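Taking it in order: structure first as structure tokens, then the write-up.
The values are calculated or read from the model by the stated rules, or taken from the named source; none is laboratory data. Predicted model only: the values in this text are computed from it and were never measured. Cβ: placed from backbone, ideal geometry, glycine included. Neighbour counts: every protein chain shown.
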Amino acid sequence: MLNIVLFGPPGAGKGTQSQIVMNRYNLMHLSTGDILRNAMDRKTPRGIQAKKYMSRGELVPDELVIGIIGRRLDEYLNKTNGFIFDGFPRTTLQAKEFDIILAQKQISITLMIELEVDHDELISRLMKRGQLCGRSDDQDIDVINNRINIYNQSTRPLMEYYKAQGKYVGINGMGDVDEIYQRICSVIDKEIQK
Ligand code: ADP
């Protein structure tokens, strides 16, 4: 199985790249942000719980997202070549619990690929996305800054966790979509050929 964690700050392009990378390698894309937004739109109990955190740009509670990922893994494990995890894990607790869940299913993370993007570029991409697709958390500069700060404080340190496992690769996330896609594919292809 090929299991990729696509990592990077809000606006780094994880969702965009996940869509094209999943097609090339026949992977299943699991975005906790998309799953939570869908639950929010359908007003499910989990969606209602998540909404108050998401609208402020805060992380939703670990147990909630870990539960979501566990259920999706069970659902798709036997139907795919592997997964792209986008927006998960986001805290050390999530990463540790994730490793336990994966080990129970006798699978593991192959690579964590970080998309590295300048702060100013992130702000400009998020503001543009806010205008285009109307995500409310992309329309308020305070919420955007809060998400980037939380990323730097709680999520970015996770790279050390994956570095210690020899699974971390950082790539330049600046440039056009296809250029970045090629960089990601060359990292994955190198890993596959090992
Ligand atoms: P972005 O990366 O642009 O912030 P996402 O769609 O990945 O967008 O996430 C949107 C929101 O969903 C986050 O701000 C957070 O509130 C919530 N969220 C998504 N994934 C997680 C996670 N793994 N842990 C906690 N909260 C999450």
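Specify which of the listed residues (Ala103, Ala95) is at pLDDT 95 or above, within 26 Å of Asn172 (Cβ to Cβ), not in a loop (DSSP other than H, G, I, E, B) and not acidic (Asp, Glu). Steps first, please.
Values: Ala103 fails: within 26 Å of Asn172 (Cβ to Cβ).
Going through Ala103, Ala95 in turn, the sole match is Ala95.
Scanning the stretch 9-64 for residues that are outside any helix (DSSP H, G or I), near the ligand (Cβ under 7 Å from one of its atoms) and charged (D, E, K, R) turns up just one, Glu58. Of note, Gln153 does not satisfy the criterion of being modelled with pLDDT of 95 or more, more than 15 Å from the chain's Cα centre (by Cα), surrounded by fewer than 13 Cβ atoms within 10 Å (Cβ to Cβ) and outside any helix (DSSP H, G or I). Using the structure shown, decide if Glu75 is at negative phi and out of contact with any strand residue (DSSP E or B) (no Cβ under 7 Å at 6 or more places or on another chain). Spelling it out, Glu75 is indeed at negative phi and out of contact with any strand residue (DSSP E or B) (no Cβ under 7 Å at 6 or more places or on another chain).
Report every pair of residues separated by at least 6 positions or lying on different chains whose Cβ atoms are under 7 Å apart, first residue within the stretch 5-19 and touching a residue at least 40 places away in the same chain (Cβ under 8 Å) and under 23 Å from Leu102 (Cα atoms), second within 10 Å of the ligand (Cβ to nearest atom) and part of a loop (DSSP other than H, G, I, E, B). Once the first residue is touching a residue at least 40 places away in the same chain (Cβ under 8 Å) and under 23 Å from Leu102 (Cα atoms) and sits in the stretch 5-19, its partners that are within 10 Å of the ligand (Cβ to nearest atom) and part of a loop (DSSP other than H, G, I, E, B) give Lys14/Gly8; Lys14/Gly87. Every listed requirement among (1) at pLDDT 95 or above; (2) more than 16 Å from Ile4 (Cα to Cα) is met by Gln182 save one, (2). Out of everything in the stretch 65-92 that is buried (at least 19 other Cβ atoms within 10 Å of the Cβ) and part of a helix (DSSP H, G or I), what residue ends up being nearest to the ligand (Cβ to nearest atom)? If we take residues in the stretch 65-92 being buried (at least 19 other Cβ atoms within 10 Å of the Cβ) and part of a helix (DSSP H, G or I), then Val65 is nearest to the ligand (Cβ to nearest atom).
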